[in-house]
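The values are calculated or read from the model by the stated rules, or taken from the named source; none is laboratory data. Bear in mind the structure is a predicted one, so any value in this text is a computation, not a measurement. No Cβ is skipped: glycine too gets one built from the backbone with ideal geometry, and neighbour counts run over all protein chains shown. Keep in mind that these areas ignore ligands, DNA and RNA; they rest on the heavy atoms of the full protein, side chains included. Shrake-Rupley method; radii C 1.70, N 1.55, O 1.52, S 1.80 Å.
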Amino acid sequence: MKTQTIKRTLAVLLVLLFALAAVSCTQKPVATPEGPEAETPASPDEPPAEAEVVADVPADRYDATVTPRTGANATEPLVLQTSTLDGKFSPFFATSAYDTDVDAMVGLGLLYYNKLGEPEAGINVPSYAYDYTQEVSDDNSTSTYTFILKNKIPFSDGEMMSAKDVLFSMYVVSDPMYDGSQTFYTMDIQGIDEYRLQTSADVLEQVDAILEAGIDANDDGEMVINPASGVTEDQQKTFWSYLDEGGANFAQEITDYVMNNYLDYVGSEYFPGYEADEVTANANLQTAFGMAMWGFGEVGEDKSFTDASGNKYDPATDTIDAKVYWANILDAYGYDLDSINEEAAGDKSIQDYTQDAYIANEGRVEGGVKSISGITSGTMTCDDGVEREYVQIVLDGVDPTAIFKLGVTVAPFHYYTDGYAGELNEFGVDTGNKEFMDHLKTKNDRPVGAGPYVFDEYKDNVVYYTANDSFLLGSPKIEHLRYKEITSGAELDATKTGEVHFSEPSASMTIINDITGGADDYAKLSYTLVDNDGYGYIGIQAQAIPELKVRQALAHAMNVQLSVDDYYGELASVNYRTMTKILWAYPENPDNLFPYDETGETSKKLFEEAGYKYDETKNIMSYPEGHEKAGQQATYKFTLPMEANDHPAGSIMLDTQEVLAKIGVKVDIEVDDHLLDKLSTSYESGIQVWAAAWGSGGVDPDMFQIWYSDPAVNQGQSNTGLFWLYQNGSDEEKAMLTELNELIMAGRATLDPEERKPIYKRALELSTGLAAEIPTYQRKNMYVYNKDVINGDTLFSGDDVTPFQSPISFIWNVELN
């Protein structure tokens, strides 16, 4: 069993086009990482004489050292609810959203993203950037981002921020040894691949040619290296000789992923007879557990482990390591690298791991690659006569999502490197040294930054903060702030009792009615609703149900309105496209492509057009000739992760079962509490039709990760069988997918949202029309706060509360009563 590794972590909306140049600045000669000075284009107007350098902060910012806080703001803490924390409060290594929230109170980003998800910079904006510009070359070959930095902005410890802190923050997450969750290095920044791999452009070009040619297997299962242009056969053989080393690392990533996410499955049917402590203490058991969870072996009654290749091991004495795991993967798939990549637990493919091993051993540049050529810094004089630092990043091509990855949290170089015994380069890092990364992690429990609050301690499930009075937008109005861990499901009770003052319970009409009704326990509470950044859907596995007309027939029998009427009520609305409705690219009032027909006649007609036979006398719809079940009653399995009465799609499925029964189609509804874990292998797991929901998708409409169906280009996974459909579907389906792929790439080729809107309108018609994912609902989330404690007038409310801006996003402005 594999988990659902496809996540909607797509990046966000670009509304500001090409250049935001509210402030004109003239660059001075830049010392590039390569060394020599390079003149940059100057403004045609002579810049004014340089003015006095003062702090780039609002003139009317509140300063508690001048005007002290009074009343509760000076003495009482504001307590916010959070969920279980991992204790990784780092701008580099935080892995959970809750840990990220803890660090966000301390940190300051290069940019700020407003209530619409738009990037912002400026004097009155909580960003280190004073201004920024985006420019695309005439031939779309490069994109240049220039971030002008504010003067005299201090970190909370008094040290002044500088371009070096920005460079440090970018170089950490670009380092060859960086193992955090940030994806900064995935951008096509000039020189970043050479830096991360410590190799040359020539070697990378050579590797690209080898990978493009690829490998196959002969009739005996032996590797066959396909001819490649521009490289020798010996170079290819040398490269592919590292497949096993790369494969072992590929397999180890699966084991690590399973250990980090599925330890509670130890002792279950997937890994019986063992306790979690036994597995964590035994490397052999860890690999065996990783293999078992991915379907590459099982535990016997005697606690032995038998792998998928039939080898039996005693985990107490026999070695079960990543090499064994890789051998099993190779036995299963041979040299079919696309199939191997379907087993991936992360973003890296088997080709990536093989490349890494090859370059580490054969392709390193002597002396190392010292810098990223596409990241430079310098100073410039702006039209207010003030000299400011800037950081400039040059990307190859056009990437509408880049602006959202570039807005890094700016970490203080001096703090995070303090105490490191190794040698640091001019960017504040020790390139490729694991000891340096380990040193950074020693700071995970105590972050420092330029944000509104200073981290004090994390003790007894509570995070304690004190106001940072030097925060650039002003001293926070409340001196003491806390995050308190609250058990999931107990958020509302904790707010009612005063344990916390602000929480995010699961939205329900019961809570709304209790609060508006003014019951004793609820009289002091108030709430705010906001659209959820995600949507519910019913998936139809296209490989399991390959006929387009049959999938459409099922869709016409689904009354998606029931997810609102029977479950969410006023807390949701119907969704008719495969995209969250909060995105700017979501079409205005789209048509329902699959109008519900309770009679079943629309579905019946589509089944018959697909060749299915209807016996009116017996009321049986039979599979068509040529089908493996020809002549048998058409039967489909619908799967829910919980009982139908407890799930938003439950009433839809029950109703669909009744509608299809009218035309002789049988629907079996089952409950599988491991459903979500099986979606990445939905076809192999026998999942045909299921209900789930996409989580946060950001604010960029890019559809590549989920909907780009050519597996040679998209190295991800497809729960709905689109990769199979692209290669094996009908001519109509292939044409739809080909057009969809072209539209997805067209949407990535421009930064102009007005150009992108019609692209995504058509793309969504195609993705929805494939009937592999039927959108159902878009629900709302809820914030609840104690209005006796918090001054509600100081919170964001109404349209200012969005999935990208909570009521307390400007925490420094929040006041207590």
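A few notes on this one:
- Listed residues Val224, Val173, Thr238: farthest to the positive end of the dipole of segment 171-264 (Cβ charges): Val173
- Among the protein heavy atoms of segment 634-692, carbon and sulfur supply 45% of the accessible surface, probe 1.4 Å, non-protein parts ignored.
- More than 18 angstrom apart: percent of Cα pairs within segment 198-354: 60
- Solvent-free Debye scattering, log10 I(q)/I(0), computed from the Cα coordinates of segment 386-472 at q = 0.12, 0.22 Å⁻¹: -0.58, -1.18
- Excluding same-chain neighbours fewer than eight residues apart, the lysines reachable from Lys150 by a Cα-Cα span under 25 Å are Lys28, Lys115, Lys164, Lys405, Lys477.
- Equivalent ellipsoid, segment 189-253 (semi-axes from 5 times Cα gyration tensor eigenvalues, Å): 23, 17, 9
- Between the residues Val699, Leu660, His674, the greatest Cα displacement towards the positive end of the dipole of segment 593-746, with unit charges on the Cβ of Lys, Arg, Asp and Glu, is found for Leu660.
- Based on Cα contacts under 8 Å between residues 6+ apart, the chain shows a relative contact order of 21 percent.
- Normalised per residue, the volume of the convex hull around the Cα set of segment 467-561 (Å³): 215
- Share of carbon and sulfur in the accessible heavy-atom surface of segment 212-263 [1.4 Å probe, %]: 40
- Looking at the chain, the pairs of alpha carbons with a distance over 46 Å make up 29% of the total.
- Sorted into 10 angstrom bins from 0, the C-alpha pair distances of segment 95-136 split as 27, 45, 24, 4 percent.
- Given charges at Cβ of Lys, Arg, Asp, Glu: segment 54-131 dipole, positive-most of Ile123, Gln81, Ala97: Gln81
- Sorting Leu743, Leu737 on solvent-accessible area from highest to lowest, probe radius 1.4 Å, gives Leu743, Leu737.
- Entry for segment 662-758 at q = 0.19 Å⁻¹: log10 I(q)/I(0) = -1.07, Debye formula applied to identical alpha-carbon scatterers, no solvent contribution.
- Working note: Cα gyration tensor of segment 412-545, eigenvalues times five, square-rooted, sorted largest first, giving semi-axes of 40, 27, 14 Å.
- Against the compact-protein benchmark of 2.2 N^0.38 Å, the Cα-based radius of gyration of segment 736-817 scales to 1.72.
- Computed across segment 533-634, the Kirkwood radius stands at 15.6 Å (inverse of mean 1/r, all Cα pairs).
- A simple charge model with +1 on the Cβ of Lys and Arg, -1 on the Cβ of Asp and Glu and nothing else charged puts the dipole of the chain at about 1720 debye relative to its Cα centre.
- Among the listed pairs Lys459/Lys484; Lys459/Lys524; Lys549/Lys613; Lys549/Lys637; Lys88/Lys441; Lys605/Lys662, those beyond 20 Å (Cα-Cα): Lys459/Lys524
- Segment 292-366 - Debye-derived log10 I(q)/I(0), Cα point model, q = 0.13, 0.18, 0.23 Å⁻¹: -0.50, -0.81, -1.06
- Solvent-accessible surface (1.4 angstrom probe) belonging to Asp793, in square angstrom, nearest 10: 140
- Once the 1.4 Å probe is applied to the protein heavy atoms, the chain comes out at 42 Å² accessible per residue.
- Taking each DSSP H run with n ≥ 4 as -39500 (n - 2.57) and averaging over every residue of the chain yields -7500 deg cm²/dmol at 222 nm.
- Helices of the chain meeting both criteria, an alpha-carbon length of 24 angstrom or more along the long axis and an average Kyte-Doolittle score not below -1.0, with helices taken as full DSSP H segments, are 243-261, 731-748.
- Taking all protein chains together and rolling a 1.4 Å probe, Tyr98 ends up with roughly 90 Å² accessible.
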